1. Does A66 qualify as being crowded, with 17+ Cβ neighbours inside 10 Å, at pLDDT 95 or above and near the ligand (Cβ under 9 Å from one of its atoms)?
2. Please go through segment 52-61 and pick out each residue that is under 22 Å from G111 (Cα atoms) and surrounded by 15 or more Cβ atoms within 10 Å (Cβ to Cβ).
3. What number of residues within segment 124-142 satisfy the criterion of being of a type in the set (G, A, S) and at pLDDT below 95?
4. When G12 is evaluated against the numbered criteria (1) near the ligand (Cβ under 10 Å from one of its atoms); (2) more than 11 Å from the chain's Cα centre (by Cα), which criterion, by number, is the only one it fails?
5. Among the listed residues V101, V132, identify the single one that is crowded, with 24+ Cβ neighbours inside 10 Å and closer than 23 Å to W27 by Cβ.
6. Going by what's in this entry, would V80 be described as away from the ligand (no atom under 13 Å from the Cβ), under 17 Å from the mean Cα position of the chain (by Cα) and assigned to a strand (DSSP E or B)?
7. Taking the residues in segment 24-48 that are crowded, with 19+ Cβ neighbours inside 10 Å and touching a residue at least 60 places away in the same chain (Cβ under 8 Å) as candidates, determine which candidate is nearest to A169 (Cα to Cα).
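The values are calculated or read from the model by the stated rules, or taken from the named source; none is laboratory data. A quick note: this is a predicted structure, and the numbers were derived from the prediction, not measured. Virtual Cβ from ideal backbone geometry, glycine too; neighbours counted across all protein chains shown.
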Amino acid sequence: MSRGLFVSFEGGDGAGKSTQVAALAQWLEDLGRTVVCTFEPGDTPLGAVLRQAVQHGDHVNARTEALLYAADRAHHVAAVVRPALARGDDVLTDRYLDSSVAYQGVGRELGADTVEKLSLWAADGLLPDLTVLLDIDPKVGLGRLNTAPDRLESAGDRFHRRVRKAFLARAAADPDRFCVVDATLPRKVIAEAVRERVHTLL
Ligand code: TYD
């Protein structure tokens, strides 16, 4: 059986990634495919512990933060993503390695290259077939959230502007892997743009 399709969704907080993951999953399932929807950080029992530590812990410095996301990714890839792809399932993940590069590498200023290497090591080299970047002005994205902000969401406007720029720079550098969509468009229009791109990969 051939390996399933691996798609990651990236973007600032409040960009609407989970809505688009669900929409694409439904479309793929309607085509008769088996889909696993997952997310980072935290979609395993160990990941849930790491998520709590990194999102809500006290005195988590930037390097610790990068390592906690990398640990979550290593476990997530080994326990969930690779087994699903090997079964022939499609995997849709709400955030993956590009989040680490943008948030820790550029947002926290640890260095994009360093964090990319760390993340690739954690994931044992697994890159998505397609990465959908839902691009949004952080003021608009954060304004959409209706829960109390976590550590990352409270990191400030300049941090979030750096993160947005980093995502866009990565997308511009790798147009074969990335599909950039304006996250302020109506959700149906976004879903259609994503489907069009996924269609070319099937
Ligand atoms: P989450 O509540 O899942 O936010 P969202 O719904 O916006 O995805 O929290 C994920 C947060 O973790 C988000 O602020 C981005 C951050 N993050 C990183 O900083 N690095 C990473 O590698 C990942 C996966 C997430």
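1. Against the criterion (crowded, with 17+ Cβ neighbours inside 10 Å, at pLDDT 95 or above and near the ligand (Cβ under 9 Å from one of its atoms)), A66 qualifies.
2. V54, Q55, V60
3. 1
4. With respect to (1) near the ligand (Cβ under 10 Å from one of its atoms); (2) more than 11 Å from the chain's Cα centre (by Cα), G12 is out only on (2).
5. Answer to the check: V132.
6. No, not satisfied.
7. Among residues in segment 24-48 that are crowded, with 19+ Cβ neighbours inside 10 Å and touching a residue at least 60 places away in the same chain (Cβ under 8 Å), the one nearest to A169 (Cα to Cα) is L24.
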